[in-house]
Structures are given as structure tokens and as C-alpha cells.
Amino acid sequence: MHSINGITKGTELEKTVNAAAQAEANGVMIYYALARLAHEQGLDDVSEKFIWIANQEAVHAGFYAVLNGKYPSDFWDFLENFQRGEENAENSLLPLAEKISEMGHPEVADVIKKFAAQEKNHGVILGEIMKQYRK
Ligand SMILES: [Fe+2]
Ligand SMILES: [Fe+2]
């Protein structure tokens, strides 16, 4: 497949495309936050629409990042580093969960613990991908 990685890097469009990538990534956060708030208020249909939009924004963010060549086409070394972050995410998330639990929000702590386990699983999946496909 023809690569579009970095076609705007070093051009007059780099700043604009970077701003677009950041705005889209921020949009993912905003729409998922609003989805949660809508859900809290019983607006589940609204929540689902925000999530639908957020997932499109996530695709957009990745696309603009590629136009600017934010990550190398030969991404294996990058992925290896990134995997370590996923594997170690619980080092910061579990203490966070503990503190939030102490603040009187054990149910919030449980969510963060679940997310920490998901991060670890991302690391496991990345490890399997590297083992199977990295040359
Ligand atoms: Fe978008
Ligand atoms: Fe992750």
C-alpha cells in the first residue's frame, strides 16, 4: 500500500496538520467525557452518539499524525518502547486508585484498577504482535 506517512512534514502545512491532529485527539477526550456525563444523567442515546463521534475523531487524529510523520513507518522500535509504558502503567495507576479509594470513592478506584489491567493487557497484546511479526 502506498504510504502517506510524512507527506506534510517539513512543509508549510506541518503546523496546521499538527494542530488538526491535536484538536482531534482532544476531541476524543471531550466526546468520551461528555458521553460519560450524558450517561450519568440517563441520556443514553445522547451518550451513544457522542461515543460514535469520538471514535471517528480518533481515526481523524491518527490520520493527521501520519500525514505529519509523527511515527516511523518502521514502527517496531517505537512499539517496543510504547509497550513498556503499557506494561508499567499500573505502577502509577494503582497508587492513584488507592488514593482515590482513601478519599472515599472505592467504586472509582475499581474502575481505575480495571483500566490498569486493560493497559497491562495492551502490553501483552503488543508483546505477542512483536513476537509474531517483528523481523
Ligand atoms: Fe474530526
Ligand atoms: Fe493502553
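A compact table of results
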quantity	calculated
Pairwise Cα inverse-distance average, inverted: Kirkwood Rh of the chain (Å)	17.4 Å
Positive-end residue, the chain charge dipole about Cα centroid, Cβ charges, pick of L79, V108, A61	L79
Relative contact order of the chain, defined on C-alpha pairs under 8 angstrom at six or more residues apart (%)	24 percent
In Hz, Karplus ³J(HN,Hα) per residue of the stretch 3-9 (6.51, -1.76, 1.60; θ = phi - 60°; x = Gly, Pro)	8, 9, 5, x, 5, 9, 5
Dipole in debye (nearest 20) - the chain, about Cα centre, beta carbon charges: Lys, Arg +1; Asp, Glu -1	420 debye
Entries in K49/K135; K70/K114; K49/K120; K9/K135; K9/K49 that, when Cα-Cα distance is taken, lie over 32 Å	K49/K135; K9/K49
C-alpha center-to-center spacing [the stretch 1-73, the stretch 102-135] in angstrom	22 Å
From phi via Karplus (6.51, -1.76, 1.60), per-residue ³J(HN,Hα) for the stretch 42-56 in Hz, x at Gly/Pro	x, 8, 5, 5, 5, 4, 5, 5, 4, 5, 4, 5, 4, 5, 5
Karplus-derived 3J(HN,Hα), 6.51/-1.76/1.60, for each residue of the stretch 119-133, Hz, glycine and proline x	4, 4, 5, 4, x, 4, 5, 5, x, 5, 4, 4, 5, 7, 10
Spin-label model distance (nm) - N121 vs D45, 7 Å beyond Cα toward Cβ	3.1 nm
Inter-label distance, nm, simple model (7 Å from Cα along the C-beta direction), M103/F82	3.0 nm
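Coordinate-derived values only; no laboratory data. Please read all numbers here as calculations on a predicted model, not as lab measurements. Virtual Cβ from ideal backbone geometry, glycine too; neighbours counted across all protein chains shown.
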